[in-house]
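All remarks here apply to the structure that follows.
The values are calculated or read from the model by the stated rules, or taken from the named source; none is laboratory data. Keep in mind it's a predicted model, so treat the numbers as computed, not measured. We place every Cβ from the backbone using ideal geometry, glycine too, and count neighbours over all the protein chains shown. Keep in mind that these areas ignore ligands, DNA and RNA; they rest on the heavy atoms of the full protein, side chains included. Shrake-Rupley method; radii C 1.70, N 1.55, O 1.52, S 1.80 Å.
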Amino acid sequence: MPMYVKDQKLLQALIENRKRSAPYAGAFLVKDEEGTDPNIVTGSDSEKSIDDLKGKDLLKRLHEVGTLAQITSIQGDQVVLFGHRRLRITEMVEEDPLTVKVDHLKENPYNKDDDVMKATSFEVISTLRDVLRTSSLWKDHVQTYQQHIGDFNYQRLADFGAAISGANKLHCQEVLEELDVYKRLKLTLELIKKEMEISKLQQAIAKAIEEKISGDQRRYLLNEQLKAIKKELGLETDDKTALSAKFKERIELKKDKCPPHVLQVIEEELTKLQLLEASSSEFSVTRNYLDWLTVLPWGNYSDENFDVHHAQKILDEDHYGLNDVKERILEFIAVGKLRGTSQGKIICLSGPPGVGKTSIGRSIARALNRQFYRFSVGGLADVAEIKGHRRTYVGAMPGKMVQCLKSVGTANPLVLIDEIDKLGKGHSGDPASALLELLDPEQNVNFLDHYLDVPIDLSKVLFVCTANVIEMIPNPLLDRMEIIAIAGYITDEKVHIARDYLEKNTRQACGIKPQQVEVTDAALLALIENYCREAGVRNLQKQIEKIYRKIALQLVRQGVSNEPDQESPSVTVSEESSSGDSTTAKDEILKDPAVEDASVANNVTNPASEEANEVNLTTEAPKEDNTSKGNKDTYGAAEDAADKAIEKVVVDSSNLGDFVGKPVFQAERIYEQTPVGVVMGLAWTAMGGSTLYIETTKVEEGEGKGALVLTGQLGDVMKESAQIAHTVGRAVLLEKEPDNQFFANSKLHLHVPAGSTPKDGPSAGCTMITSMLSLAMGMPVKKDLAMTGEVTLTGRILPIGGVKEKTIAARRSAIKTLIFPAANKRDFDELASNVKEGLEVHFVDTYGEIYDLAFQSDAGTETSLDDLALQD
């Protein structure tokens, strides 16, 4: 046996010992540490700890009985030992290296003719033969043993059996320590019997694995033979022939419409496919490439509907308002009708969240009878998503547009590119630059995808993009799109949408009957004004759903169940009725402008109703068991009476807080009549628009004390506007009241509430001037007046943005008189009549006109400052 000696001192002693005439050493087994299981293998450093032991510590860890071994050879740290006889340690002579005195042990005398001894030895030999038949490794052991030892006798037979058994080291140590030959034979017999069982188990495992492998090989050979037979008989072609036939069949249907350059590429790839081996990687690449080339709808266009009245009806069914978008689509249809064919366009719908930008895309596709495909580019940072991967990459795929054409099956779909203002930019390129080719009418006639590597005609595709903030879109990309701004909905429009679309769909989704609940107009108005002021209606839908969920819980607690009678014999009728309701719900869901994906909403509606029905079943079943006691007629009558006793749930402005909690928004209007130095302005916000007050007060007065302090988290542009307002106000006061030295001798403090909200923009210039002049002259401005406009140093009024949002905010605060720049007159005239109704609007070019309008005396009246604040 080869041994590895790590102790250099011990190794040197063995080398010196080998040089002598009798190169022998003692080999002793090391005991296991106390508390450890020798059968369990662990990752501990036990060997290192043994090497570190010296002298008495090492002696304590050794078994007393060992082997006298001859040192056959030493190569490096490998020492080959050959065992001769048994030894027992008597005492220690030297600690390092460990040297001990030993006694040579001999076997106890025995009778070699004893029948029991013979029988035991024969059984050992018989078992060894059985094991040798199954294990070639054991045969090598026998040959080695015979070369060195010679003939077998009883004690050598026992030692040999134990040596080659591969048993536990402690069992082998027992055999080594046993000097009684008969007992040693019995111990050896036990060890080789165990080895025999292990050998049988090994054979069983090998046989099972072999059967599995041979079975798979046999099945594979039979399948290959079957394929060959079918091919010879003409019943089946091989894989390559079948694939080629499939691709040719596909392209044969489109051969007249398919461009010549595409047909040429397909023919070349088909020829290449026949020359490749099916097992090669290039084969799968070519097969996938041909699959994409042949599946695309080359020249296949859907028949468009150019009926303007039909399109108007569909658009009005699905969405309330959005007149700008609808008008643009009707113009597109009208042009297509006159030309006889339609061209693709790139339209970008911009506006706040929840105004129906995404959902109207589906309605446009339905109105035009085009296929609809939507994909979002929000956070997209990989150009390959747009242009595809090169075919050389593993797992390469075409871009989104090629996937779109495969999905819809026509070459003129309506493609909705969502969240185009939220494009990312990463190490894989700039997707916004990749979209330049896709969204350019001059370039997308020959759009080149990296994967297909053949030009694709996208000129017939109608692209509709959506964005919240168009300023985030790169200018070259923005230049290719036609922008349609969707400002949002005014209160009247929200009431219509809530009543005609949201409330109806939510009621059906919650399984509530119309006669069981009533939400008054006052409640809807209060909900919109105090909880849902944002431009869109998505939050309004959430609040209505919240109201109806609470109503559903209230009805169930009262014992109401709207589910059909499960024991009724007319099951078919109930199913048909339920199906009809779901169909109605499906048609009406599309009318919701806040739902981004109407198909998802349709799928959600019916399961929610079914879930509610299941809950009702579980709550009603015990009630029937406990109360009816077999008399179903009596129970039915009692249930009818209970239904009659339940009152309709009425949601009014008075109890609205019980369903949706405290109001989120408070009244923007602080003053019924603005006091001196305070003027109402108009601002555009992400919520759609709001009113704000510009407040100016005098801090101190003294000759040469003229100065201006600004607060209210104003941006740089707004601070500059305040400085301009201070200069222009001083000039206007000098013109109107030459003797008034207010600005020269007064330190002013201008504040714009609320202080925690950041504000910026130039449109508050005229409002700031008016606030300062009001303080300087001690005159309040006209009641119910609001204004907006940028002012130059010479007093000219420049146009502003967000006219619709600001007008809506003014209506919400019950403003009657508005002042806008004259350049915004066209923007105001384009607003819907219900937005402009009841407003007195003045359009001005210079600040002098604003001065005359703002400081007109109202008929009437003088009001003390104590009465100016609005009492809540």
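Using R₀ = 56 Å, calculate the FRET efficiency as 1/(1 + (r/R₀)^6) where r is the Cβ-Cβ separation of residue 90 and residue 281; round to 0.05. Intermediate results must be reported in sequence, preceding the final value.
Values: r = 73 Å, r/R0 = 1.31.
With R0 = 56 Å, the Cβ-Cβ based efficiency is 0.15.
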Alpha-carbon centroids, segment 457-499 and segment 57-133: separation in whole Å: 94
Per-residue SASA entry for residue 292, accessible area with 1.4 Å probe, Å² rounded to 10: 40
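What is the Cα convex hull volume of segment 678-855 when expressed per residue in Å³?
Details: hull volume 17.8 nm³, N = 178.
In segment 678-855, the Cα convex hull volume per residue is 100 Å³.
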Rounded FRET efficiency, nearest 0.05, which uses the C-beta distance separating residue 457 from residue 794 and R0 of 51 Å: 0.40
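Rounded to the nearest 5, what % of DSSP beta bridges with both residues in segment 678-855 are antiparallel? List each step's numbers first, then the result.
Values: 15 of 31 bridges.
If I count the DSSP bridges inside segment 678-855, around 50 percent turn out antiparallel.
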Cα coordinate range in segment 239-295, projected on the principal axes (Å, largest first): 34, 19, 16
Nitroxide proxy distance, nm - points 7 Å out along Cα→Cβ at residue 341 and residue 211: 7.0
Exposure ranking of 833, 284 by accessible area [1.4 Å probe, largest first]: 833, 284
Surface accessible to a 1.4 Å probe, residue 538 within the full protein complex, Å²: 70
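At 0.36 nm per residue, and after removing the present C-alpha to C-alpha distance, how many nm does the segment from residue 745 to residue 442 gain when stretched out fully? Mind dumping the intermediate values first?
On the way: separation 303, 0.36 × 303 = 109.08 nm, distance 6.41 nm.
Stretched out fully, the residue 745 to residue 442 stretch lengthens by 102.7 nm.
So what is the accessible area of segment 678-855 per residue, in Å², with the probe set to 1.4 Å?
Numbers: 7550 Å² over 178 residues.
Ligands and nucleic acids excluded, the figure is 42 Å² per residue.
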P(r) histogram, all alpha-carbon pairs of segment 308-485 included - 10 Å bins from 0, percent: 10, 38, 36, 14, 2, 0
Prolate/oblate/rounded label for segment 56-118 (Cα gyration tensor, a/c 1.5): oblate
Extension reserve of the residue 54-residue 717 stretch, reckoned as 0.36 nm per residue once the Cα distance is removed: 230.1 nm
Label point distance in nm, residue 832-residue 74, each placed 7 Å from Cα along Cα→Cβ: 10.4
Spatially proximal lysines relative to residue 783 (Cα-Cα < 24 Å; intrachain offsets below 8 disregarded): 698, 736, 804, 806, 816, 825, 836
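By accessible area of protein heavy atoms, probe 1.4 Å, what ranking do 671, 451 get, highest first? Before the final figure, lay out each step's value.
Details: 671 40, 451 10 Å².
Final ranking, largest accessible area leading: 671, 451.
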Rough spin-label spacing in nm, given labels placed 7 Å along Cα→Cβ, for residue 104 and residue 201: 4.1
